[in-house]
1. Would you mind getting the accessible area per residue of segment 1-126, heavy atoms of the protein chains only, 1.4 Å probe, in Å²?
2. By how many nm would the segment from Ile79 to Ile38 grow when fully extended, if each residue of separation counts as 0.36 nm and the alpha-carbon distance is taken off?
3. With the contact rule set at Cα under 8 Å and sequence spacing of 6 or more, what percent relative contact order holds for the chain?
4. Given a 1.4 Å probe and every protein chain left where it sits, what share in percent of the accessible area of the chain is carbon and sulfur?
5. Let me know the shape class of the chain, please: from the alpha-carbon gyration tensor, a ≥ b ≥ c as square roots of the eigenvalues, rounded when a/c is under 1.5, otherwise prolate if a/b is greater than b/c, or oblate.
6. Excluding Gln133 itself, calculate the net charge of residues whose Cβ lies under 11 Å from the Cβ of Gln133, where each Lys or Arg counts +1 and each Asp or Glu counts -1.
7. Classify segment 1-64: rounded, prolate or oblate, from the alpha-carbon gyration tensor (a ≥ b ≥ c, eigenvalue square roots; a/c under 1.5 rounded; otherwise prolate if a/b is larger than b/c)?
8. Which trypsin sites (Lys or Arg not before Pro) from segment 62-133 combine a DSSP loop assignment with at most 14 other Cβ atoms within 10 Å?
Amino acid sequence: MKIKLNRDKINKSIKILIILTLSFVIFLYLNKRFSFFIPCPIHKILHIYCPGCGITRMILSILKLDFYKAFKFNPLMFILLPFFIWYYSIYYYNWIQDKTFKINKNIWNVLLVISIIFMILRNIPAFNFLAPQ
């Protein structure tokens with residue numbers, strides 16, 4: 001069985017990957033040099049932690065192989081990271097073959113509900129261990 005790949009999409013993907021990699025390296029360099037983080041607009045305006053608060057520090061901790069600290073910054077996204085890597089890998093693989101790949105809408109709805117519950121819990125004082133630390 002021969003797999004048909006769309007060469008234009010592969011070339012486009014390589015260009016995008018190079019741009020994203022360079023942007024990420026520049027971000028890492030600037031972050032190490034000037035120690036800045038992208039502030040969460042929800043936390044800045046509403047003073048509550050959204051489901052994504054702590055993701056930047058989580059990713060930087062993962063890059064340093066400090067998984068304990070990464071988990072403490074954002075437990076939900078740390079747990080969901082393998083799912084998103086799997087999903088986007090399969091999505092990309094199908095995209096370059098000009099096929100479609102979709103996950104059942106109910107799975108996305110469940111992830112949305114879990115994210116909302118996580119956001120509510122991490123803003124309750126009794127669950128302050130869920131806040132980015």
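The values are calculated or read from the model by the stated rules, or taken from the named source; none is laboratory data. None of the values given here were measured: they were computed from a predicted structure. Using ideal geometry, Cβ is built from the backbone for each residue, glycine included, and neighbour counts are taken over all protein chains shown. Heavy atoms of the whole protein, side chains included, go into the accessibility calculation; ligands, DNA and RNA do not. Shrake-Rupley method; radii C 1.70, N 1.55, O 1.52, S 1.80 Å.
1. Values: 9680 Å² over 126 residues.
Normalised by residue count, the accessible surface of segment 1-126 is 77 Å².
2. Extra length from Ile79 to Ile38 when fully extended: 12.6 nm.
3. Numbers: 92 pairs, mean separation 36.7, N = 133.
Result for the chain is 28 percent.
4. Details: 7210 of 10110 Å².
Looking at the chain in its full context, I get 71 percent from C and S.
5. Values: a/c = 2.52, a/b = 1.45, b/c = 1.74.
Judged from the Cα gyration tensor, the chain comes out oblate (a/c at least 1.5, b/c at or above a/b).
6. Numbers: positive: Arg57, Lys69, Lys72, Arg122; negative: none.
Neighbourhood net charge equals +4.
7. On the way: a/c = 2.93, a/b = 1.95, b/c = 1.50.
Here segment 1-64 falls in the prolate category.
8. Values: sites: Lys64, Lys69, Lys72, Lys99, Lys102, Lys105, Arg122; in loops: Lys64, Lys99, Lys102.
Passing both the DSSP loop test and the Cβ count: Lys64, Lys99, Lys102.
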